[in-house]
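Peer 1: Following this message is one structure expressed as structure tokens.
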Amino acid sequence: MSSVLFDKYLPFFRQAIAAVENRVYWSPFPENPAHLGAEAIEEGRQAFEAYRDASFYLDQPGVVGRNGGEVSPYGFALNVSYPVCNPDALIMAARSAMWPWVKAGPEDRVGVCLEVLHRLQTHGVEMAFAAMHTTGQSFTFAYQYSLAQALDRGLEAVACAYKEMKQVPYRSSWTRPQSNGGSVTMDKVFTPVPRGIGLVIACSTSPTWSAFPGIFANLVTGNPVIVKPHPQAILPLALTVAVARMVLKESGFDPNLISLLVDDETESVARIAALKPEIRLIDYTGGMAQGDWLEENAHHAVLFAQRSSLNCVVVDSTDDYKGLLRNLALSLCLYSGQLGATPRLVLVSREGVKTVEETVSAEQFGRDLAATISRLLDEGEKALDVMGCLHAEWLKEGIDAAREVGEVLRDSSPVENPNWPAARIHSPLLVKVGVLDEQAFAKEYFGPVSFLVETGTTTEALALAERVMASSGALALGLHSTNEHVQELAADLSLRQGVPLHLNLTGNVFMNQSAAYADFYGTGANPAANCSFTDSAFVSRRFFLVQTQSPVPASA
């Protein structure tokens, strides 16, 4: 059946390959749930509700109990219990499942992976509700980001991995002339062989978007995968694993090629599993501390880590001042600042911001940015869609701590959602600081917190941005400048620190959004990430090429 699946999706898959090769816009999975109609959305909501106050079924080995304590940031407990499995049992089952999967070959594995992605799309609305009520994203944003764009990233990983595996032909005929005038011919076969079992450790704010590249890059290259979700965001990945296991079984493969590893109540299961010698690949998204621990202790495995970042925007000059303000304000508000590439430090010199009409002082720019944020938040339901909720209660502590660092230009306050009275929503905080306060502001305040840093000159702002990103890492650098010299300085900085540069964004493209097939998320060149979604290094390190050769008789 898997070969049939490859043929079924071949025209579609060729489009994905072409998009990756040409780095162009392509989006096969619709991002707006409105195209489904109100009835389909209601059916999906009911499907999500059916998971609440119930036991989530997964026929996995080594079950030792059940656990799950997810609480929706919108104000209610999900009360979903999941099977807690012994990591050794999952590893043993994965090893048993691996070799038929390897021998099936790249095309069969691609076919199964594409079927899983399309099957997940059919569960899109319930997946979006699951993401909404575990991460705090709004429903519209969850459908776009945690479903459609996550599927894009998964498909991108499949396409990139297939391209890498096909760089070498499966079979070749090798002939070498001999000194006696004859020749010798060898039949050579090259087989991609997986590195081993993969462990994907997901984060709480983007469980599918961050995990799908690792999950599908592992599967398509022949590696079984154990998925370890964050305790507060299990359901989206439990649904993913359930769908993938079903497709594998229908296609004649062992469903234990993918399994779900849920925390028990006493130990760090992620660390326990990561130290198992059978785990040869680890994909991690989350905070710096856990990432550092994995790097220091899991030496037996290849680690792909996306960690915390401190992204900067330098504002020098612009020919669209209002567009600059609105674009930057939306970037600060989007998902309440909980995206990895959200700008944290906005750097502007005391010389002011040069516009077409005038030079706006740094003080006035701060007031204008604060006012633009407030106007966006006056847009009612649209603003609630943009912000979503804070995924964790402890984020309020960061807001309180950031208030003490400098002058509050726009305070953070609770925001009421009429549909969800208990929702955990806080508007963005904007604090003005000076360069001498670097120790206080140059650290991560995760959530809706950003700082306006006043420097002496734009050159000093660029130097500060480079220093901060070199030590803390960054996934994005923004620059607003019409000065070619300043642009060149920023471009050089971007290359030195391995941080993508976003120049003069004033429209509907934002620096904390990343498009699959076209954009590389992370570079691996600074502390924020040691890998990229998705380049050749992200997929090629997951397999080896093993050669078999045999002589071809002269008569043949």
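Peer 1: Out of contact with any Asp or Glu (no Cβ under 6 Å at 6 or more places or on another chain), surrounded by 20 or more Cβ atoms within 10 Å (Cβ to Cβ), under 12 Å from Asn311 (Cβ atoms) and in contact (Cβ under 8 Å) with a residue 24 or more places away in the chain, is that true of Val468? Don't jump to the end; show me each part of the working.
Peer 2: Working: out of contact with any Asp or Glu (no Cβ under 6 Å at 6 or more places or on another chain): yes; surrounded by 20 or more Cβ atoms within 10 Å (Cβ to Cβ): yes; under 12 Å from Asn311 (Cβ atoms): yes; in contact (Cβ under 8 Å) with a residue 24 or more places away in the chain: yes.
Criteria met by Val468.
Peer 1: Evaluate the following for Ala130: is it touching a residue at least 12 places away in the same chain (Cβ under 8 Å), buried (at least 24 other Cβ atoms within 10 Å of the Cβ), within 13 Å of the chain's Cα centre (by Cα) and in a helix (DSSP H, G or I)? Talk me through it step by step, then tell me what you get.
Peer 2: Details: touching a residue at least 12 places away in the same chain (Cβ under 8 Å): yes; buried (at least 24 other Cβ atoms within 10 Å of the Cβ): yes; within 13 Å of the chain's Cα centre (by Cα): no; in a helix (DSSP H, G or I): yes.
Judged against the criteria, Ala130 is not a match.
Peer 1: For segment 250-265, which residues satisfy the criterion of being under 15 Å from Leu235 (Cα atoms), modelled with pLDDT of 95 or more and not in a strand (DSSP E or B)?
Peer 2: Step one: list which residues in segment 250-265 are under 15 Å from Leu235 (Cα atoms), which gives 259-263.
From the residues that got through so far, the ones that are modelled with pLDDT of 95 or more too are 259-262.
Correct list: Leu261, Val262.
Peer 1: Inside segment 58-104, can you point out the residues that are surrounded by fewer than 20 Cβ atoms within 10 Å (Cβ to Cβ) and either acidic (Asp, Glu) or without any contact (Cβ under 8 Å) to a residue 12 or more places away in the chain (or both)?
Peer 2: Matches in segment 58-104: Asp59, Ala77, Asp88, Trp99, Lys103.
Peer 1: Does Gly111 fit the bill of being over 18 Å from the mean Cα position of the chain (by Cα) and among the small types (Gly, Ala, Ser)? Steps first, please.
Peer 2: Numbers: over 18 Å from the mean Cα position of the chain (by Cα): yes; among the small types (Gly, Ala, Ser): yes.
Considered against the rule, which asks whether it is over 18 Å from the mean Cα position of the chain (by Cα) and among the small types (Gly, Ala, Ser), Gly111 comes out as yes.
Peer 1: Right, here's the next one. When residues of segment 207-230 are filtered for being out of contact with any strand residue (DSSP E or B) (no Cβ under 6 Å at 6 or more places or on another chain) and within 13 Å of Ala131 (Cα to Cα), how many remain?
Peer 2: Count: 5.
A quick yes/no check of all residues on (1) touching a Leu at 6+ places or on another chain (Cβ under 6 Å); (2) at negative phi; (3) assigned to a helix (DSSP H, G or I):
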position: Leu330; (1), (2), (3): no, yes, yes
position: Leu339; (1), (2), (3): no, yes, no
position: Val348; (1), (2), (3): no, yes, no
position: Gly366; (1), (2), (3): yes, yes, yes
position: Ala370; (1), (2), (3): yes, yes, yes
position: Leu376; (1), (2), (3): no, yes, yes
position: Leu390; (1), (2), (3): no, yes, no
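Residue-by-condition table, conditions (1) under 30 Å from Gln167 (Cβ atoms); (2) outside any loop (DSSP other than H, G, I, E, B); (3) of a type in the set (A, V, I, L, M, F, W, C); (4) free of Cβ contacts under 8 Å to residues at least 24 places away in the same chain:
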site	(1), (2), (3), (4)
Glu460	no, yes, no, no
Ala491	no, yes, yes, yes
Leu495	yes, yes, yes, yes
Leu505	no, no, yes, no
Gln513	no, no, no, no
Ala516	yes, no, yes, no
Gln547	yes, yes, no, no
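Peer 1: Restricting the search to segment 473-489, which residues are without any contact (Cβ under 8 Å) to a residue 12 or more places away in the chain and either buried (at least 24 other Cβ atoms within 10 Å of the Cβ) or of a type in the set (Asp, Glu) (or both)?
Peer 2: Going through segment 473-489, the residues without any contact (Cβ under 8 Å) to a residue 12 or more places away in the chain turn out to be 484-485, 488.
Scanning segment 473-489 gives Glu484, Glu488.
Peer 1: Inside segment 202-232, can you point out the residues that are of a type in the set (A, V, I, L, M), in a helix (DSSP H, G or I) and within 18 Å of Tyr145 (Cα to Cα)? Working first, answer last.
Peer 2: So the first thing to find is which residues in segment 202-232 are of a type in the set (A, V, I, L, M), and the list is 202, 211, 215, 217, 219-220, 225-227.
If we keep only those that are in a helix (DSSP H, G or I) too, we end up with 211, 215, 217, 219-220.
Selection gives Ala211, Ile215.
Peer 1: Where residues in segment 1-20 are surrounded by fewer than 20 Cβ atoms within 10 Å (Cβ to Cβ) and small (Gly, Ala, Ser), which of them is farthest from Cys160 (Cα to Cα)?
Peer 2: Ser3
Peer 1: Might you let me know whether segment 426-439 holds any residue that is under 23 Å from the mean Cα position of the chain (by Cα) and either loosely packed, with under 15 Cβ neighbours inside 10 Å or within 26 Å of Gly286 (Cα to Cα) (or both)? Full working, then the answer.
Peer 2: So in segment 426-439, the residues under 23 Å from the mean Cα position of the chain (by Cα) come out as 428.
Now narrow it down to the ones that are either loosely packed, with under 15 Cβ neighbours inside 10 Å or within 26 Å of Gly286 (Cα to Cα) (or both): 428.
Yes, there is a match, as at least one residue in segment 426-439 is under 23 Å from the mean Cα position of the chain (by Cα) and either loosely packed, with under 15 Cβ neighbours inside 10 Å or within 26 Å of Gly286 (Cα to Cα) (or both).
Peer 1: Just to be sure, is Arg109 closer than 30 Å to Glu49 by Cα and either assigned to a helix (DSSP H, G or I) or touching a Cys at 6+ places or on another chain (Cβ under 9 Å) (or both)?
Peer 2: Against the criterion (closer than 30 Å to Glu49 by Cα and either assigned to a helix (DSSP H, G or I) or touching a Cys at 6+ places or on another chain (Cβ under 9 Å) (or both)), Arg109 does not qualify.
Peer 1: Which of the following residues is under 28 Å from the mean Cα position of the chain (by Cα) and under 21 Å from Phe510 (Cα atoms): Gly398, Gly478? Even if it seems obvious, please write down each step before you answer.
Peer 2: Details: Gly398 fails: under 21 Å from Phe510 (Cα atoms).
Selected residue: Gly478, the only one of Gly398, Gly478 that is under 28 Å from the mean Cα position of the chain (by Cα) and under 21 Å from Phe510 (Cα atoms).
Peer 1: Still on this model: Which of the residues belonging to segment 533-556 are touching a strand residue (DSSP E or B) at 6+ places or on another chain (Cβ under 8 Å), buried (at least 18 other Cβ atoms within 10 Å of the Cβ) and modelled with pLDDT of 95 or more?
Peer 2: Hits for segment 533-556 are Phe538, Arg542, Phe543.
Peer 1: Could you grab me the full set of residues in segment 167-197 that are within 27 Å of Ser514 (Cβ to Cβ) and at pLDDT below 95?
Peer 2: Gln167
Peer 1: Also: Considering segment 499-532 alone, what residues qualify as being on the phi > 0 side of the Ramachandran plot and surrounded by 22 or more Cβ atoms within 10 Å (Cβ to Cβ)? Show your work before the answer.
Peer 2: Of the residues in segment 499-532, the ones on the phi > 0 side of the Ramachandran plot are 504, 517, 522, 524.
Correct list: Tyr517, Gly522.
Peer 1: Would you call Thr191 free of Cβ contacts under 8 Å to residues at least 12 places away in the same chain and in a strand (DSSP E or B)? Spell out the reasoning first.
Peer 2: Details: free of Cβ contacts under 8 Å to residues at least 12 places away in the same chain: no; in a strand (DSSP E or B): yes.
No; evaluated as a whole, the condition is false for this residue.
Peer 1: On the basis of being in the same structural domain as Ser481 (by TED's automatic domain parsing), surrounded by fewer than 21 Cβ atoms within 10 Å (Cβ to Cβ) and over 29 Å from Ala529 (Cβ atoms), does Arg326 make the cut? Can you show your working first?
Peer 2: Details: in the same structural domain as Ser481 (by TED's automatic domain parsing): yes; surrounded by fewer than 21 Cβ atoms within 10 Å (Cβ to Cβ): yes; over 29 Å from Ala529 (Cβ atoms): no.
No; evaluated as a whole, the condition is false for this residue.
Peer 1: If you don't mind, there's one more thing I want to ask. Collect the residues in segment 139-174 that are polar (S, T, N, Q) and surrounded by fewer than 24 Cβ atoms within 10 Å (Cβ to Cβ), keeping them in residue-number order.
Peer 2: Thr140, Gln144, Gln149, Gln167, Ser172, Ser173
Peer 1: For residues that are assigned to a loop (DSSP other than H, G, I, E, B) and of a type in the set (A, V, I, L, M, F, W, C), scanning just segment 429-448, find the one that is modelled with the lowest pLDDT.
Peer 2: Here is the first cut: in segment 429-448, the residues assigned to a loop (DSSP other than H, G, I, E, B) are 442-448.
Imposing the further condition that a residue be of a type in the set (A, V, I, L, M, F, W, C) reduces the set to 442, 446.
Values: Ala442: 89, Phe446: 83.
Checking each candidate, the answer is Phe446.
Peer 1: It is to be established whether one or more residues within segment 409-428 are among the aliphatic types (A, V, I, L, M), part of a strand (DSSP E or B) and out of contact with any Lys or Arg (no Cβ under 7 Å at 6 or more places or on another chain). First the steps, then the outcome.
Peer 2: Filtering segment 409-428 for residues among the aliphatic types (A, V, I, L, M) gives 409, 415, 422-423, 425.
Next, only the ones that are part of a strand (DSSP E or B) stay: 409.
So of that shortlist, the ones also out of contact with any Lys or Arg (no Cβ under 7 Å at 6 or more places or on another chain) come out as none.
Scanning segment 409-428, I find no residue that is among the aliphatic types (A, V, I, L, M), part of a strand (DSSP E or B) and out of contact with any Lys or Arg (no Cβ under 7 Å at 6 or more places or on another chain), so the answer is no.
The values are calculated or read from the model by the stated rules, or taken from the named source; none is laboratory data. In this text the structure is predicted, and so the values were computed from the model without any measurement. Note that each Cβ is placed from the backbone with ideal geometry, even for glycine, and that neighbours are counted across all protein chains shown.
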